[in-house]
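Trainee: Questions regarding the structure given below will be posed in turn.
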Ligand code: BDR
Ligand code: CA
């Protein structure tokens with residue numbers, strides 16, 4: 001396979017919106033973003049699959065109505081993790097999973113095909129596919145297990161999940177996406193594929209502060225109003241209140257920011273194993289940072305971000321949506 005630049009490789013965005021998933025989508029679908037988004041696949045996570053797929057269609061519809069990418073098909077996937085019952089995060093994202101914007105049933109349809117079937121089909125049809133999961137890894141792990149042949153068609157998995165220096169945000173030792181479906185995460189981290197990971201270690205540095213929100217608000221466009229609504233909702237207060245962060249981490253948007261401008265982040269090559277069954281450490285990511293395990297260092301682990309560069313990218317994406 002010839003290597004293509006990050007911006008031209010076909011992308012599958014696998015998400016559970018969620019405001020930070022939504023902001024990531026708004027960036028990826030922004031007018032002339034140059035990202036080649038072939039599908040949005042949805043998993044249960046921040047809330048039920050039913051609400052997450054509705055939220056994904058709602059955001060994609062809003063983006064399309066305001067000049068963003070049109071005709072990106074949306075597929076609903078797994079309703080629950082591989083082995084555990086679904087754990088959700090309405091306390092963070094609100095009862096509809098998307099506090100801060102008006103919720104309604106979008107006209108944009110859901111595809112009939114299951115998300116896992118769509119992932120398998122698209123990987124077989126296309127070359128150098130980049131999978132971009134920003135929720136629990138259930139859809140991705142199910143696709144890799146059911147169709148191991150797709151591994152050769154996947155160029156990279158770019159995901160938000162896990163923690164090393166920041167420990168955890170749902171338990172003392174686990175980040176939410178990995179905690180919800182650690183068995184799926186183990187399958188993904190054990191897959192013979194290049195992985196690029198945005199864990200809490202870096203997402204807690206990609207903070208949107210009040211001054212940034214004010215800068216977005218003065219754009220005064222339909223999309224800036226929608227973004228401002230989310231960034232001034234209870235969601236934006238959650239991490240500040242619980243973890244004392246100096247702003248709101250927009251975890252999932254780190255994936256899109258990386259696809260658009262990889263140089264905004266710095267990385268370290270690591271290997272990652274996931275604890276799935278321990279009652280205390282469920283979802284813990286054991287990160288081999290010092291080459292202690294002899295395992296292949298097949299994971300680029302983001303360790304730092306140029307946070308002003310990250311914000312500039314976000315505001316650039318939002319500014320691309322026109323004023324009317
Ligand atoms: C992750 O968990 C979810 O609540 C967010 O959408 C993000 O994907 C952060 O831990
Ligand atoms: Ca998410």
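The values are calculated or read from the model by the stated rules, or taken from the named source; none is laboratory data. In this text the structure is predicted, and so the values were computed from the model without any measurement. Positions of Cβ are backbone-derived with ideal geometry, glycine not excepted, and every protein chain shown enters the neighbour counts.
Trainee: For the subset of region 154-196 comprising residues that are more than 12 Å from ligand 1 (Cβ to nearest atom) and under 13 Å from the mean Cα position of the chain (by Cα), which member is farthest from residue 131 (Cα to Cα)?
Mentor: The qualifying residue farthest from residue 131 (Cα to Cα) is 196.
Trainee: Could you list all residues from region 142-178 that are out of contact with any strand residue (DSSP E or B) (no Cβ under 9 Å at 6 or more places or on another chain), assigned to a helix (DSSP H, G or I) and within 16 Å of ligand 2 (Cβ to nearest atom)?
Mentor: 176
Trainee: Among (1) part of a helix (DSSP H, G or I); (2) more than 16 Å from ligand 1 (Cβ to nearest atom); (3) touching a residue at least 40 places away in the same chain (Cβ under 8 Å); (4) under 21 Å from the mean Cα position of the chain (by Cα), which single condition is residue 216 missing?
Mentor: (4)
Trainee: Would you mention how many residues in region 221-269 are assigned to a loop (DSSP other than H, G, I, E, B) and farther than 16 Å from residue 161 by Cβ?
Mentor: 8
Trainee: Looking for something in a helix (DSSP H, G or I) and farther than 20 Å from residue 182 by Cβ - is there at least one such residue anywhere in region 64-77?
Mentor: yes
Trainee: While we're looking at this one, here's another question. Would you call residue 258 in contact (Cβ under 8 Å) with a residue 24 or more places away in the chain, within 14 Å of ligand 2 (Cβ to nearest atom) and crowded, with 20+ Cβ neighbours inside 10 Å?
Mentor: So residue 258 does not fit the description; no.
Trainee: Here's a follow-up. So, residue 17, is that one assigned to a loop (DSSP other than H, G, I, E, B) and within 12 Å of ligand 1 (Cβ to nearest atom) or not?
Mentor: Answer is yes for this residue.
Trainee: So if I check each of 13, 49, which one is within 15 Å of ligand 2 (Cβ to nearest atom), in contact with a strand residue (DSSP E or B) (Cβ under 9 Å, 6 or more places away or on another chain) and free of Cβ contacts under 8 Å to residues at least 60 places away in the same chain?
Mentor: 49
Trainee: Go through (1) within 16 Å of ligand 2 (Cβ to nearest atom); (2) surrounded by fewer than 18 Cβ atoms within 10 Å (Cβ to Cβ); (3) assigned to a helix (DSSP H, G or I) one by one and return the number of the condition residue 87 breaks.
Mentor: (3)
Trainee: Go through region 188-211 and count every residue that is in a helix (DSSP H, G or I) and surrounded by 21 or more Cβ atoms within 10 Å (Cβ to Cβ).
Mentor: 6
Trainee: Please verify whether residue 135 is surrounded by fewer than 24 Cβ atoms within 10 Å (Cβ to Cβ) and modelled with pLDDT of 95 or more, treating the condition exactly as stated.
Mentor: no
Trainee: Residue by residue through region 270-324, note down the ones that are outside any helix (DSSP H, G or I), within 18 Å of residue 227 (Cα to Cα) and at pLDDT 95 or above.
Mentor: Those that are outside any helix (DSSP H, G or I), within 18 Å of residue 227 (Cα to Cα) and at pLDDT 95 or above: 320, 321.
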